[in-house]
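Report on one structure; see the data block that follows.
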Amino acid sequence: MDFGPYLMLATLEGAVTAAVLALTASGLALVFGVMRVVNVAHGEFFMLGAVLAWWVTNMLGGSAAFGFAVALIVVPVLVGFLAVVTDMTVLKRINYDPERTIVATIGILYIFQQVTLMTYGPDARPVVPPFNTRLALPWIEFVDGEISLYWPWGLSITSYKLAVIGAAALVLVGLWVLMTRSKLGLLMRATEQDRDMALAFGIPVERVYALVFGLGAAMAALAAVLIVPIQQAHYLMGHDPLLLSFIVVIIGGLGSFPGTILAALLIGLSDGVISVFFSPTLAKILATLLVALVLVFRPQGLFGARDT
Amino acid sequence: MTADMRKSLLLHGGVLLGLLALQYVLPAYHHGNLARVMVLASYAMGYNLLFGYTGLLSLGHALFFAAGLYGTGLAISQFGVSAGVALAVGVLFGTLVGIVIGALALRTEGVAFMIVTLMFAQAGYLTILYFGQYTRGDEGFVIALADRNISGWDLSDPSVRYFAAFIVFSAALLMCLTVVKSRFGKVLIAIRENEERARMLGYNVDRFKLAAIGLSASLAALSGAAYGVLFGYVGASFASVQYSILPLLWVLLGGAGTVLGPLVGTLFMFYLIDLSSGITTAYMLIAGVVLVFLTLFAPQGLMGELRRRAIRWLP
Amino acid sequence: MTKSKAVPVTGTQPTRRDALKTLALGGGAAAAMPLWARYAGAQTSEPIKVGFQVHRTGIGAAYGRWYDRTTSAAAALINEQGGINGRPLKIVAEDDGTDPKRGAEVVEKFATQHNCDIGFGTLFSHVVIGSAPRAGELKLPYFVVSEGHHVASGMLNRYTLQPGITDVKSQVQAMAPFVADNLGKKVTMIFPDFAFGHDHRDYFTAAIEAQGGEVLEHIAIPPTETSFTKYFPKIPRDTEVIYHVMVGPAVLTFVKELGEFFGPQRPEMFGFIDSLEAVDIGSPGLEFLDGTYFWEGNPRYAQEDQSEYDAFFRERVGVDANGASVSDPKDVSTYAHMFGCWETLHVVKAGMESAGYRGPQDRAALIEAVEAMTDMPHSNAHPQGAKIFNGKTHQVFGHQYITKVVDGKLLLVHTTSIEDTFYPDEADYTTQAL
């Protein structure tokens, strides 16, 4: 494939990755920003989202679009609820101590993973996309000094992948409105800025925490429902989204919402584009080192303000 | 203070003697297990120096363990050096990797430090796969039986293996005890408790931290190198994230910032998995539940709780 | 030490074709011929314990479940027919988490805790390689069902054998003539960037060149990858055949995205069924596979000329004509690999009976008895097909199947000869001490 169309294809694929990553990572960023804890089980909420989406669509039967629409609403709520329960039974009791939270969430990670293995099994199972048309894409070329369009071999995307990008953007705008315009967002931001002060002003901090934890998990689950018609639900699938979300949250400046979105775009797109230039595994090594070095030389993240 | 020193000497001497004596009474299966646990506990002790005493949480220690493992394994398989020399190569290589990564990663702190070490380890893991021609990638390779002896001692023999593992463990234990009791160790603890204050007292905090990473990595590499020659296998799974998280778990279980905690944690976790896998296939579920309960009810880990409740002088 | 020097083929030639025919007993024959009579009133009726190293958790779990079912079915059959030397067979299963470290521990547990007679059943290569040194040191006969080239390459030891499934090197090179003759000579290979993929890369590239073909491009996919489209533009335009092999939970995405990439104008495709093992060919998004070809270790769909042995095997394991569980048609088996467990257990039985195996003191004799085997005729004990065992390299050789997707089913189009799969010996384990 020529360079131009190749780059466009890689960019489009990168955009899908970025969209899903932005959703997952903003959930993690929300939790980290408001509660100042690292949730290692975040990837498992993602995995649960995918697995539950399979359950729901499979149980309902009927048309693919209907089952998927139901899953899109029901699954994030279920996962969010589970996260709230986790928060109230475990995290609250250890007082959100940063180190103990890490250990506890590692434990929770294993629990979710194993319960899924025991009930759902070890298979990777597909969910039928509600719609999926292959769209061949045109590219520009100059023939005898005139611009003309042609359809390069292999340059295409599916309508569903485009919809994923659109849906992710919509949800992120919604989240941003929630955080900046609603009373709930105000409570969250107040808690984020000064927990003790918020408590003194009568904000039910514990309830805000539980809610934030649930919302963060629901974001991961929603991302998973969107991706599961492209990938498959598997009980070990939470690992990569967790790693990538971590990277995104840190590069984005630890809890900064716009920073997280920008970082997700950067990481998602570069994942696609770097693969154009290097052999795949070498590309992964370079991308990984690049992220590490960015953090080493800009520890506050690319988009975070240096807080002193 | 001196009385505490004496008690501590007695305790650790007793533990070492006990481990030495156990090899004559243990049935074959547990004999082999304990040898493995001693090697891995050395890894955990190295981790504890950094995490428990200096307060730096790394998620990339598998890189140092793997550097020791591959340094030794490749020295034997590619360059044909003897096991003793290869062991030294592995430890040196691991320490070097530790110092280089440490120098970079120490520019960050907190969560960023965790992630940077994680990323470097991930890059290391992929590098092993990338050079599959020499490393056989994920499959790994076997160190031939004939190459696994040091000055005539056949390391695949159960008693020799046990004794070798014991030597590795004792070296790690003595090193930890010495460090913890030394002025150097006290500065590390001071850094953990309050880095700013340590800095104001005039200590070059960065240099101390780097030394701690170097020491920690050298123990991890020693453990990895010993694992290779004692058990005959070199593989990429030892460089994966899981093997960075394991020492963290062992240390937290046993008690961060206690000298014996890593041994207790490693032993506890090993038998937890071994026994529960006999009851249910989902033994990691049990491990998960235990972890959650530990954080809820024994946040200091087993030895840490012991120190808090009973033996206050425990180092 | 990456490659050993080629040694002329010796042990694989069917020279002792008849001498040891009695070893390879079919299921029915075994019942008719009570070998244990030689040990009339055998000192013990204690079971023979087979330590079964199974991937119940971790990345190999989907395979492990079917290895488990096949092993149980084979053990039940052997016990119905009177066991081994008059003693029942008992399977002692331990999960290894698909992890080489735990694998080695499990092997130790078999040898020293459970007092198993043999270790058996490991699939994933890294677990085999991690566990085999310990099996050798503990002198525990270790029968793997992994299809890796590790056994025949000479990397392992005298106590490790692979008598029930062919290795990747022989599988891959036997495909080249068919691909070159029927599909095309300009090939692009897509494979995972780790040892298993590299074996495909090296052996197939050499084999297709020997057929006058060439590999235009090698596309190695990083093992952690979950989306693949971005790699496909590297496929050269003049590719006639895509050769694909992928493993892990992302296989379905891989195949689907391959289809979406090409749309209506795809080249010929040849894949290893590993890309879709345990996956329903009828899964959404796989329609484009119609008309493509697959290597199968054992055809998943019951063919028109299905052998009675295959029918027997299916029935005993509980697999329907479509290769899925009889109790759940959505539960697709790992049919191309799992027969290896069945056949290996039958080899163990034949070996133990020929060695007059009584207990762990006869482990060396068991190894020698298996090493002495050559022909394994197509039978209930070997439902996948006839095989020839090479006692020097501890590796078995057998027929390979190529199927074509027609209307959502895999139809057999070519069966290779056993000779197609031979290559010069790379090792001689019999020179090692027992």
- Message: Along the charge dipole of the protein assembly as shown, pointing to its positive end and built from +1/-1 on Cβ of Lys, Arg, Asp and Glu, which listed residue (C:270, C:203, A:280) has its Cα farthest out?
- Response: A:280
- Proxy exposure order for B:207, A:134 (fewest C-beta within 10 Å first) is B:207, A:134
- Item | Distance between the range C:390-424 and the range C:148-182 - C-alpha centres, whole angstrom | 10 Å
- If C:68, C:407, C:117, B:4 are placed from fewest to most neighbouring beta carbons inside 10 Å, the sequence is C:407, B:4, C:68, C:117
- Nearest 10 degrees, 0 to 90: helix C:335-355 Cα axis against chain C principal axis: 20 degrees
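If Lys and Arg each add +1 and Asp and Glu each add -1, what is the summed charge of the other residues whose beta carbon sits under 10 Å from the beta carbon of residue C:267?
Working: positive: C:186, C:237, C:266; negative: C:238, C:240, C:268.
Neighbourhood net charge equals 0.
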- Query: By how many degrees, 0 to 90 and rounded to 10, does the Cα axis of helix C:308-317 deviate from the longest principal axis of chain C?
  - Reply: 80 degrees
- Query: Which lysines, on any chain, are close to residue A:284 with Cα under 27 Å apart, when same-chain ones fewer than 8 places away are left out?
  - Reply: A:161, C:101, C:230, C:234, C:256
- Other residues with Cβ under 13 Å from the Cβ of residue C:223 give, with Lys and Arg +1 and Asp and Glu -1, a net charge of -4
- Item | Neighbourhood net charge (13 Å Cβ-Cβ; Lys/Arg +1, Asp/Glu -1) for residue B:236 | -2
- Note on the structure: One computes Rg over Rh for the protein assembly as shown from alpha-carbon atoms, with the Kirkwood Rh, and obtains 0.97
- Against the longest principal axis of chain C, how steep is helix C:195-210, in degrees 0 to 90 to the nearest 10, with axes from Cα atoms? 70 degrees
- Message: Based only on other Cβ atoms within 10 Å, what is the fewest-to-most ordering of C:349, C:49, B:7, C:109?
- Response: B:7, C:49, C:109, C:349
- Item | Partners for residue C:186 among aspartates and glutamates (Cα-Cα distance below 14 Å; same-chain residues under 8 apart left out) | C:209, C:214, C:217, C:238, C:240, C:268
- Note on the structure: One finds the C-alpha centres of the range B:94-145 and the range B:9-84 to be spaced, in Å, by 18 Å
- For the range C:169-296, build the convex hull from the C-alpha positions and give me its volume per residue in Å³. 96 Å³
- Item | Cα extents of chain C along the three principal axes, largest first (Å) | 70, 49, 41
- Item | Of the DSSP H helices in chain A, those whose Cα atoms cover at least 24 Å axially and whose Kyte score averages 0.0 or more | A:3-35, A:42-60, A:64-86, A:98-119, A:159-181, A:205-227, A:257-277, A:280-297
- Query: Using alpha-carbon positions, what is the distance between the centroids of the range A:77-149 and the range C:291-332, in Å?
  - Reply: 34 Å
- Query: Which of the helices in chain B meet the span-like rule: DSSP H, Cα axial reach of 20 Å or more, Kyte-Doolittle mean at least 0.5?
  - Reply: B:2-25, B:61-79, B:83-105, B:111-130, B:158-181, B:205-231, B:261-279, B:283-297
- Task: Per residue, how big is the convex hull around the C-alpha atoms of the range C:122-198? Give it to me in cubic angstrom, could you?
- Result: 94 Å³
- Task: Percent of Cα-Cα pairs per 10 Å bin, from 0 to the last occupied bin, for chain A, please list those.
- Result: 6, 25, 33, 23, 9, 3, 1, 0
- Task: Work out, in µm²/s and without decimals, the Stokes-Einstein translational diffusion coefficient of the range A:73-134 at 37 °C, 0.692 mPa s, Rh from Kirkwood over C-alpha pairs.
- Result: 231 µm²/s
- Message: Using only the alpha-carbon atoms of chain B as identical scatterers, what base-10 log of I(q)/I(0) does the Debye formula give at q = 0.12, 0.13, 0.14 Å⁻¹?
- Response: -0.81, -0.95, -1.11
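Across the residues of A:221-229, average count of Cβ atoms on other protein chains within 10 Å?
1
Every number in this text was worked out from the coordinates using simple rules, so none of it is lab data. These numbers come from a predicted model, not from an experiment. Backbone-built Cβ (ideal geometry, glycine too); neighbour counts: all protein chains shown.
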